[in-house]
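In what follows, a structure is listed as structure tokens, so that the remarks can point back to it.
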Amino acid sequence: MTSRKTGLAAVALTAAAGTFLVPTLLSPTAAHAGPRADLSADPVVIGHRGASGYRPEHTIAAYRLAIRQGADYIEPDLVPTQDGVLVARHENEISGTTDVAEHPEFADRRTTKVIDGRPVTGWFTEDFTYKELRTLRAVERLPDVRPDNTAYDGEYRVPTLDEVLKLARREGVGVYPETKHPSYFDSIGLSMEEPLVAALEKRRMADADDEVIIQSFEVSNLRDLDTMVDVDLAQLVDGSGGPADLPGTTYASMVTAAGLRTIATYADGVGAAKSWVLPRDASGSTGAPSAVVDDAHAAGLVVHVWTLRRENQFMATNFRVGTDPDAPGDMYAETLAFLDAGVDGIFSDNPDVAARALDDWLAARD
């Protein structure tokens with residue numbers, strides 16, 4: 001555990017109940033009784049899918065590298081297999097992150113499904129048993145952007161949640177799992193909440209003082225988890241659209257002052273797309289911070305912003321260096337800008353850059 005590492009420690013804060021500014025959202029019920037965010041804690045670095053800027057994402061190698069580079073948390077996105085084993089993949093469709101297309105024995109499993117209202121074609125984890133999935137190997141998801149990472153294609157298996165928890169426990173870092181498409185998986189009889197809680201309990205990581213934060217873009221499963229486990233919860237907020245389980249609700253309504261007060265009735269933090277914190281102008285450059293961080297803090301929530309990546313194409317124009325979209329920009333300066341805006345954590349594909357900037361920022365502050 002690094003000296004910065006404090007996570008979302010429990011403090012006794014009571015957030016006022018609010019409602020999202022749409023009629024379809026269920027009104028909050030009982031006040032959130034779980035741990036509350038420690039707004040005095042130092043910011044943290046979250047290894048986004050591990051150190052995915054340097055290794056194929058969601059592999060043990062990527063998580064290990066993130067830890068070596070100074071990440072306070074490692075982030076496994078979770079999807080289930082056919083037999084209910086939670087594994088670390090960004091999506092349940094795995095043609096872009098594994099070598100499944102090279103396995104003729106699985107050719108007939110390529111199909112099209114509707115996930116969160118959108119047709120998706122490929123191979124899906126829920127159509128494979130855990131034993132079958134273990135025969136596949138991870139590949140780089142962005143080979144044109146990160147060609148160096150393709151040197152590791154075929155080396156690593158798809159890890160289970162339990163393997164990630166075991167690694168985090170051994171190395172003394174936090175775990176920041178995301179439940180992917182929980183309503184869809186509920187609809188096909190593969191509920192994610194119960195195996196997730198069971199895995200945390202198995203590793204004795206289900207208590208309020210454990211460094212675990214569960215996140216989701218949906219709302220209902222976070223409300224359910226708030227009654228099932230005593231760890232911190234974070235509501236993810238995308239830059240557009242809304243939660244798949246609440247048609248008509250927009251993420252824009254959720255980052256208003258009233259919306260953030262509603263989130264505080266069931267969660268401890270917000271995982272915000274970075275455009276909500278530092279909006280971009282017509283030229284693509286960031287300007288003054290929005291009110292989101294201050295409003296979240298007023299509601300008793302921490303704000304973890306995502307995702308900082310070193311390539312120019314993923315940055316606002318004022319942080320880019322040169323014109324090559326795949327070349328490194330100034331992610332160090334971008335990290336400092338978000339820290340100056342008051343965020344409590346940084347998700348990054350490049351934890352080394354984020355950790356160095358954070359250490360320098362803390363030294364300058366002190």
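Couple of notes before you dig in:
- Candidate set from the stretch 144-164 (those that are part of a helix (DSSP H, G or I) and hydroxyl-bearing (Ser, Thr, Tyr)); member that is surrounded by the fewest Cβ atoms within 10 Å (Cβ to Cβ): 150
- Of the set (1) over 18 Å from residue 182 (Cβ atoms); (2) in contact (Cβ under 8 Å) with a residue 24 or more places away in the chain, all apply to residue 238 but (1).
- Test: residue in the stretch 345-366 that is at pLDDT below 95 and over 19 Å from the mean Cα position of the chain (by Cα): yes
- Listed conditions (1) in contact (Cβ under 8 Å) with a residue 24 or more places away in the chain; (2) assigned to a loop (DSSP other than H, G, I, E, B); (3) within 24 Å of the chain's Cα centre (by Cα) are all met by residue 78, apart from (2).
- Among the conditions (1) out of contact with any helix residue (DSSP H, G or I) (no Cβ under 7 Å at 6 or more places or on another chain); (2) closer than 28 Å to residue 346 by Cβ, the only one that residue 94 does not satisfy is (1).
- Test: residue 140 is crowded, with 17+ Cβ neighbours inside 10 Å and part of a helix (DSSP H, G or I): no
Here is a yes/no grid of residues against (1) under 26 Å from residue 77 (Cα atoms); (2) touching a helix residue (DSSP H, G or I) at 6+ places or on another chain (Cβ under 6 Å):
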site	(1), (2)
300	yes, no
330	no, yes
346	yes, yes
354	yes, yes
358	yes, no
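- Residue that is nearest to residue 233 (Cα to Cα) [pool: residues in the stretch 266-296 that are of a type in the set (Val, Ile, Thr) and touching an Asp or Glu at 6+ places or on another chain (Cβ under 9 Å)]: 293
- The stretch 286-314, subset part of a loop (DSSP other than H, G, I, E, B) and within 17 Å of the chain's Cα centre (by Cα), residue surrounded by the fewest Cβ atoms within 10 Å (Cβ to Cβ): 309
- Subset tally (residues that are surrounded by fewer than 20 Cβ atoms within 10 Å (Cβ to Cβ) and without any contact (Cβ under 8 Å) to a residue 12 or more places away in the chain) for the stretch 315-329: 3
The values are calculated or read from the model by the stated rules, or taken from the named source; none is laboratory data. Note that this is a predicted model, so its numbers are computed, not measured. No Cβ is skipped: glycine too gets one built from the backbone with ideal geometry, and neighbour counts run over all protein chains shown.
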